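Scroll down for the structure; my scribbles are underneath it.
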Amino acid sequence: MYNDTFIIKKIIVLIPLYNEEDNVFAITQAVDNVFKNIAHCCYEIFFIDDGSTDKTLSKVKILEAKYRNISYLSFSRNFGKDVALLAGFQHISPAIDAVITLDSDLEHPPDLITDLIEQWQKGYDLVYAYRKEKNRNTSSLSNASSKIFYWVISKLADVKLENGISDFKLIDKKVLSVIKTIHEDNPFFRGLFKWVGFKQIGIPYSVGKRVHGTSKYSNKALIRLALNSITSFSTKPLTIAIYIGFFASLISILYIQPLFNFLSRMSISFLDRSSSTYTSFQGS
């Protein structure tokens, strides 16, 4: 526990948004309800609108005008969730004590924030949540794709991710300060936070019920995420490419001499036949 329980800890709740007009008010209220029961903490909500094409941004502006502890950043187009998180991290003041990231669709249960903070107060620098069962809000195909995704990552990447690890986590300011120094064009934060070290602990959770909207993660996006994570956190693809190149070169070396000899014999045979034909023609 912190030695001085009277020190107020400042926490930023970072929430990326993409076409979540029906969830903006709900997630704001849910987060507020949680922090009403947490002592010695004050919080702010920082929304990142990732180029929404519905009324998401309009509703965020309403909240920002009404509440002093709500702010936002908006993109001109959709860049993707991890880029949205990156922008949020870069805009957060070093004066904060911790950041909590979660989705706006309520699949990340806001009530779990209490447990994240409790583990943080015990001395953990990074507290992340992972699903303890399949997602009931998505199809069997999506759940299977997710399972394959984590299996591939565990086999090829140099970081180990629990099946169902999410972007729902609490990040201490000293971890965030290190993350800010890492420059990635296409960051994969689920892997990056595991890779960076520090004292970490995972908390299992059950996926909350999505009241509005649908998941924004398609199978295509999942494949792109997998490729990005593998290339970011593993030298295995490069190693495989080197081995393939080596064996291709070896095969070429082994076969080039026999091929050269064969072509030489073919040329000599052709010249012999040509000479014989010419001699016969001259004799006639």
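Report yes if some residue within the stretch 102-109 is among the polar types (S, T, N, Q), within 25 Å of Glu184 (Cα to Cα) and modelled with pLDDT of 95 or more; otherwise report no.
Of all residues in the stretch 102-109, those among the polar types (S, T, N, Q) come to 104.
Restricting the remaining residues to those that are within 25 Å of Glu184 (Cα to Cα) gives 104.
Narrowing the set further to residues that are modelled with pLDDT of 95 or more leaves none.
Within the stretch 102-109, none of the residues are among the polar types (S, T, N, Q), within 25 Å of Glu184 (Cα to Cα) and modelled with pLDDT of 95 or more.
Which residue, of Ile70, Ile45, Ile8, is closer than 18 Å to Ala95 by Cα, at pLDDT below 95 and of a type outside the set (D, E, K, R)? Steps first, answer last, please.
Working: Ile70 fails: at pLDDT below 95; Ile45 fails: at pLDDT below 95.
One residue alone meets the criteria, Ile8.
May I ask you to verify whether Ile62 is more than 21 Å from Pro94 (Cα to Cα) and outside any loop (DSSP other than H, G, I, E, B)?
Details: more than 21 Å from Pro94 (Cα to Cα): yes; outside any loop (DSSP other than H, G, I, E, B): yes.
In short, yes.
Residues to consider are Ser142, Ser154, Ser177, Ser146; find the one that is part of a helix (DSSP H, G or I), modelled with pLDDT under 75, surrounded by fewer than 17 Cβ atoms within 10 Å (Cβ to Cβ) and polar (S, T, N, Q).
Details: Ser142 fails: surrounded by fewer than 17 Cβ atoms within 10 Å (Cβ to Cβ); Ser177 fails: modelled with pLDDT under 75; Ser146 fails: surrounded by fewer than 17 Cβ atoms within 10 Å (Cβ to Cβ).
Being part of a helix (DSSP H, G or I), modelled with pLDDT under 75, surrounded by fewer than 17 Cβ atoms within 10 Å (Cβ to Cβ) and polar (S, T, N, Q) holds for just one of Ser142, Ser154, Ser177, Ser146, which is Ser154.
With respect to Thr101, is the statement that it is over 27 Å from Ser177 (Cα atoms), of a type outside the set (Gly, Ala, Ser) and in the same structural domain as Lys174 (by TED's automatic domain parsing) true?
Working: over 27 Å from Ser177 (Cα atoms): no; of a type outside the set (Gly, Ala, Ser): yes; in the same structural domain as Lys174 (by TED's automatic domain parsing): yes.
Judged against the criteria, Thr101 is not a match.
One line per residue, one yes/no per condition, for (1) among the β-branched types (Val, Ile, Thr); (2) surrounded by fewer than 21 Cβ atoms within 10 Å (Cβ to Cβ):
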residue	(1), (2)
Arg68	no, yes
Tyr72	no, yes
Asn78	no, yes
Ile96	yes, yes
Leu102	no, no
Pro109	no, yes
Gly123	no, yes
Leu126	no, no
Ala129	no, no
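The values are calculated or read from the model by the stated rules, or taken from the named source; none is laboratory data. Treat the numbers as computed from the prediction; the structure is a model and nothing was measured. Cβ atoms come from the backbone with ideal geometry, glycine included; neighbour counts cover every protein chain shown.
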